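> I'd like to ask some things about the structure below.
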Amino acid sequence: MPSYSGFRILTEGLRGNSGWKPAWRKAAPKPSYDVIVVGGGGHGLATAFYLAEMHGIRNVAVLEKGPIGQGNTGRNTTIVRSNYLLPQNNHFYEHSLKLWEGLEQSLGYNVMMSQRGVVNLFHNDAQRNAALRRGNSMRLNGIDADIIDRDGVKVMCPLIDLDNSRFPVMGGLVQRRGGTARHDAVAWGFAHAADARGVDIIEHCEVTGMILEGGAIQGVRTTRGDIRAPKVGLAVAGHTSTLTEMAGFRVPIETHLLQAFVSEALKPMIDCVVTFGAGHFYISQSDKGGLVFGGGLDGYPSYGQRGTLPEAEHVYAAGVSMIPALGRLRGLRSWAGVMDMTPDGSAYICKTPVRGLYMTSGWCYGGFKATPGSGWCHAWTIAKDEPHALNAAHTLDRFREGRMLDERGNGPFFWAQ
């Protein structure tokens, strides 16, 4: 496998880029493995990488029904942060953020991590109090957080309309270590690093059934034949409930659509990530110059990667309310990811009722930022057959036991998460 460096890029440029090889092998499935990971997005590839890197389990297959990175990993707004309220969540996301901070060195691949800061605006006393509470929770757990006033917001993003007649800006909660990463590069980097450690990445291999014997998983049935393994990890985002039904049990997940958008390219305009609390709108500027932005769910269950015009209209309206200058821009394209929404807004990284079957799912709005942390904890759970302290609370049993992690305080309503 090729190694990457500035010197290598210069050398290849001088010789017409003739020496590059594929970033990972196009592996064919073997009859059996020690572990099968279903899902070739960021979470699945991260799971395989950490199984090989941290636990020495290298006889691993990653099965992806299409090309690598064409699911939610390539359909998000690339935001990375750990500004969560509940300790069970902010400890996990802070661990994930620390992994992000060293990810390029771990993978030997440029994921274009940019810690440009994330600011969550608040517009009234109630939102300010909620931001103070979240910020205090973060600081009590050793996570950076600052509250800034109107003048501080103006310094971070001068284009914001602070005196919006409906939603005047009072200030914001800032996590300066937050930022963005290049979503495609994250998938390619994990695939490259996992492959270099002996993992088989098998594309165009859709799982069509589970091989169960004596209440335990023994492998999967695929469009490329049966593949056996005593341990299987699911990392398939909005398709989790489809796979668990194949294994004979149901999970508390609904699959919804979440749209994202990008504008035409501009000169540097917004050098941080900004979220508009009044309208559930968030925006940043990519390294190519396009403004990347999104909003809330489309509001109906679906597996289709297409959004609706009413939600697009809402997102654009919220954006123009926050930054009126956006009204002069052209939108280039939009896309939608299939979001696996849980009743309490928090994820699952856990064992399942089927022996040897594990899952990382239910990421709601937190999937991309959780990528390395999810893979790290999922790999630990698979290798040790027990959760790490960081994901011990993120189980399927928490609803039966009354231990919900109600991150947003909305109660058991998928549409409100």
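> What is the antiparallel percent of DSSP beta bridges lying wholly in the chain, to the nearest 5? Could the numbers behind the result be given before it?
Values: 49 of 68 bridges.
Taking every DSSP beta bridge within the chain, about 70 percent pair in antiparallel fashion.
> At 7 Å along Cα-to-Cβ for each site, give me the label-to-label distance between Ser5 and Phe249 in nm.
About 4.9 nm, to one decimal.
> Note the direction-averaged projected area, equal to a quarter of the hull surface, for the Cα convex hull of segment 1-144, in nm². Working shown, then result.
Values: hull surface 49.3 nm².
If you wrap the Cα atoms of segment 1-144 in a convex hull and average its projections, you get 12.3 nm².
> Starting from the Kirkwood Rh over alpha-carbon pairs, what translational D in µm² s⁻¹ does segment 246-339 have by Stokes-Einstein at 25 °C and 0.890 mPa s? Write down the numbers at each step before the final one.
Details: Rh = 14.3 Å.
Roughly 172 µm²/s, to the nearest whole number.
> Extension gain Trp20-Asp226, at 0.36 nm per residue separation less the Cα-Cα distance, in nm? Mind dumping the intermediate values first?
Numbers: separation 206, 0.36 × 206 = 74.16 nm, distance 3.36 nm.
Once the chain is fully extended between Trp20 and Asp226, it gains 70.8 nm.
> Using a 10 Å cut-off on Cβ atoms, rank the peptides 271-280, 384-393, 186-195, 80-89 from the highest mean neighbour count down.
Working: 271-280: 20.2, 384-393: 15.5, 186-195: 26.7, 80-89: 22.6.
By packing density, highest mean first, the sequence is 186-195, 80-89, 271-280, 384-393.
> Further question: Determine, for each peptide in 236-249, 338-351, the mean count of other beta carbons within 10 angstrom over its residues, then list the peptides with the highest first. Could the numbers behind the result be given before it?
Details: 236-249: 19.6, 338-351: 24.1.
Averaged packing, sorted descending, gives the order 338-351, 236-249.
> Pairs of lysines 8 or more apart, or on different chains, with alpha carbons under 12 Å: count those in the chain, would you?
Step by step, the pairs that qualify in the chain add up to 5.
> Separation between the Arg403 and Arg139 pseudo-spin-labels, each 7 Å from Cα along Cα→Cβ, expressed in nm?
The two pseudo-label positions are separated by 3.0 nm.
> Here's another thing I want to ask about it. If r is the Cβ-Cβ distance from Leu162 to Ala392 and R0 is 41 Å, what FRET efficiency results, to the nearest 0.05?
Details: r = 43 Å, r/R0 = 1.04.
My answer for the efficiency is 0.45.
> Multiply the residue gap between Asp34 and Ile148 by 0.36 nm, knock off their C-alpha separation, and tell me the result in nm, one decimal place.
Values: separation 114, 0.36 × 114 = 41.04 nm, distance 5.06 nm.
Net length gain for the segment: 36.0 nm.
> Could I ask something else about it? Given points 7 Å out from each Cα along the Cα-Cβ axis, report the Arg306 to Arg330 separation in nanometres with one decimal.
2.4
> Kindly identify segment 10-82 as rounded, prolate or oblate by the Cα gyration tensor criterion: order the square roots of the eigenvalues as a ≥ b ≥ c, call it rounded if a/c is under 1.5, otherwise compare a/b with b/c, prolate if a/b is larger, else oblate. Please list the in-between numbers first.
Working: a/c = 1.80, a/b = 1.27, b/c = 1.42.
Oblate, since a/c reaches 1.5 and b/c is not below a/b.
> Tell me, in nm to one decimal, what length is gained between Lys288 and Ala27 on full extension, where the rule is 0.36 nm per residue of separation less the Cα-Cα distance? Intermediate results must be reported in sequence, preceding the final value.
On the way: separation 261, 0.36 × 261 = 93.96 nm, distance 3.25 nm.
Working it through step by step, the gained length comes to 90.7 nm.
> Which label marks the calculated value of Rg and Dmax of the Cα atoms in Å, given the options (1) 22.1, 73; (2) 21.3, 65; (3) 26.1, 115?
Recomputing Rg and Dmax of the Cα atoms in Å here gives the entry labelled (2).
> Given a Förster radius of 22 Å and the C-beta distance between His55 and Ala216 as r, what FRET efficiency does 1/(1 + (r/R0)^6) yield to the nearest 0.05?
Values: r = 20 Å, r/R0 = 0.93.
Calculated transfer efficiency: 0.60.
Since every read-out is calculated from the coordinates, none of them should be taken as a lab result. Owing to the predicted nature of the structure, the values given are computational and were not obtained by experimental measurement. Note that each Cβ is placed from the backbone with ideal geometry, even for glycine, and that neighbours are counted across all protein chains shown.
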